[in-house]
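Single-structure report; data block below.
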Amino acid sequence: MLATDMAILCFLHDLFGRELADAVTAALPGEDIRWWPDRGRPEDITHALIWRPRPGLWDGLSHLRLVCGTGAGVDHFVLDPSFPRAAKLVRQIDAGFAARMADYVLTWVLFHHRDSAHYLAAQSAGSWQPRAMRDTSATTVGVLGLGQMGGLAADRLAALGFRTLGWVQRPQTRAGVEVLVGLDGLQQLAREADILVNLLPLTPETRGILSADLFCRLKPGAILINVGRGPHLVEADLIPALDQGWLGAAVLDVFETEPLPAGHRFWADPRISITPHVSSSASAATVAGHFADAVRRERAGEPLLGLVDFARGY
Ligand code: OXD
């Protein structure tokens, strides 16, 4: 194929607006960039920057060599049976992306550590109800997943003085974080954590990990923060776990169906805090820069940064 036949396909999230499209155009000057759904001749497309696959997106892309996701999670590619496996897949690997995620996690951990839900409710009732304060070292936070996102969140929690447990598939050493592995490790984390933060990648093994089976082993009244993926949580198990007192509250940024449908039971439950999948994203400039670098590396046959291992699933 001649270099002139090489075209780039982009399908971006509305949240980025024009900013990302402009940044991609500026980062790849002179390239034939096509914007979904206007793919032109699909066989011209060799590189793609994609938010989420859409039905028909991959059809006819017989020369596709590289796909770059705009997010850190790549489950929607890896678990998509129609993904063209001959193409390499890279994900975002940006320190700023992980830092924004850590900010989100710290915000809600501190919110619960400082009993903020209690004080907001007390204010609504016009009632002065002080509670005893605790040092951060008296609160144990368990982080599921110590990858790019979970690792930084755990480091920052530990730096604030929280006792921090991290659960991973493969053992690792992390200053300030007690690293746990395997089923025993998960059960220890469940027994000891006051606040449970999920930052695992979504794979067939982790789907549904946040279920009644885990919740019933938690310290009574533990707080759940799910910033992984919606399908990590068995949604039907959440309200019963709150009713049982296994969980005291939940913070959810991701859902089985997004946007969370109007009338869903979670919306009206005061024990559940909801944000619309905004825990983190990379900046437009970073996504465009990473993509342009990946295109250049792929063409030059250089190692790709953020290359996804399909066997591992992330
Ligand atoms: C991501 C996301 O994967 O925003 O980064 O969901």
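Out of all the residues in segment 200-222, is one or more in contact (Cβ under 8 Å) with a residue 60 or more places away in the chain, closer than 29 Å to Arg134 by Cα and either part of a helix (DSSP H, G or I) or among the hydrophobic types (A, V, I, L, M, F, W, C) (or both)?
There is no residue in segment 200-222 that is in contact (Cβ under 8 Å) with a residue 60 or more places away in the chain, closer than 29 Å to Arg134 by Cα and either part of a helix (DSSP H, G or I) or among the hydrophobic types (A, V, I, L, M, F, W, C) (or both).
Being touching a strand residue (DSSP E or B) at 6+ places or on another chain (Cβ under 8 Å) and either surrounded by fewer than 21 Cβ atoms within 10 Å (Cβ to Cβ) or closer than 10 Å to Trp58 by Cβ (or both) is the filter here, so list the residues in segment 85-94 that pass it.
Once the filter is applied, which keeps residues that are touching a strand residue (DSSP E or B) at 6+ places or on another chain (Cβ under 8 Å) and either surrounded by fewer than 21 Cβ atoms within 10 Å (Cβ to Cβ) or closer than 10 Å to Trp58 by Cβ (or both), segment 85-94 yields Ala87, Lys88.
Name every residue in segment 252-266 that is of a type outside the set (Val, Ile, Thr), part of a loop (DSSP other than H, G, I, E, B) and open to solvent by less than 70 Å² (accessible area, probe 1.4 Å), in order of residue number.
Initial filter on segment 252-266 (of a type outside the set (Val, Ile, Thr)): 252-253, 255-256, 258-266.
With part of a loop (DSSP other than H, G, I, E, B) added as a condition, the list becomes 253, 255-256, 258-266.
Answer for segment 252-266, where residues must be of a type outside the set (Val, Ile, Thr), part of a loop (DSSP other than H, G, I, E, B) and open to solvent by less than 70 Å² (accessible area, probe 1.4 Å): Asp253, Phe255, Leu260, Pro261, His264, Phe266.
Go through (1) touching a residue at least 24 places away in the same chain (Cβ under 8 Å); (2) in a helix (DSSP H, G or I) and name the single condition Arg18 misses.
It fails just one condition, (1).
Note down all Cβ pairs under 6 Å where the first residue falls in segment 45-69 and is without any contact (Cβ under 8 Å) to a residue 60 or more places away in the chain, the second is crowded, with 22+ Cβ neighbours inside 10 Å and among the polar types (S, T, N, Q), and they're at least six residues apart or on different chains.
Once the first residue is without any contact (Cβ under 8 Å) to a residue 60 or more places away in the chain and sits in segment 45-69, its partners that are crowded, with 22+ Cβ neighbours inside 10 Å and among the polar types (S, T, N, Q) give Trp51/Thr70.
Quick one: how many residues across segment 267-282 are surrounded by 12 or more Cβ atoms within 10 Å (Cβ to Cβ) and more than 16 Å from the ligand (Cβ to nearest atom)?
The qualifying residues number 4.
Ala288 fails exactly one of the following numbered conditions: (1) open to solvent by less than 10 Å² (accessible area, probe 1.4 Å); (2) in contact with a Gly (Cβ under 8 Å, 6 or more places away or on another chain); (3) under 19 Å from Gly73 (Cα atoms). What is the number of that condition?
(2)
Of all residues in segment 68-85, which are in a loop (DSSP other than H, G, I, E, B) and more than 8 Å from the ligand (Cβ to nearest atom)?
Leu79, Asp80, Pro81, Ser82, Phe83, Pro84, Arg85 - these are the residues of segment 68-85 that are in a loop (DSSP other than H, G, I, E, B) and more than 8 Å from the ligand (Cβ to nearest atom).
So for segment 37-47 (the condition being of a type in the set (Val, Ile, Thr), more than 16 Å from the ligand (Cβ to nearest atom) and open to solvent by 20 Å² or more (accessible area, probe 1.4 Å)), does at least one residue qualify? Before you say what the answer is, go through the steps one by one.
First, pick out the residues of segment 37-47 that are of a type in the set (Val, Ile, Thr): 45-46.
Now narrow it down to the ones that are more than 16 Å from the ligand (Cβ to nearest atom): 45-46.
Filter again for open to solvent by 20 Å² or more (accessible area, probe 1.4 Å), leaving none.
Checking segment 37-47: not a single residue is of a type in the set (Val, Ile, Thr), more than 16 Å from the ligand (Cβ to nearest atom) and open to solvent by 20 Å² or more (accessible area, probe 1.4 Å).
Given the conditions (1) open to solvent by 30 Å² or more (accessible area, probe 1.4 Å); (2) within 16 Å of the ligand (Cβ to nearest atom), report the number of the one that Ala102 does not fulfil.
All conditions pass for Ala102, except number (1).
The values are calculated or read from the model by the stated rules, or taken from the named source; none is laboratory data. Everything numeric here is computed off the predicted structure, so don't read it as measured data. Note that each Cβ is placed from the backbone with ideal geometry, even for glycine, and that neighbours are counted across all protein chains shown. What goes into the accessible areas is simple: the full protein's heavy atoms, side chains included, and nothing from ligands, DNA or RNA. Shrake-Rupley method; radii C 1.70, N 1.55, O 1.52, S 1.80 Å.
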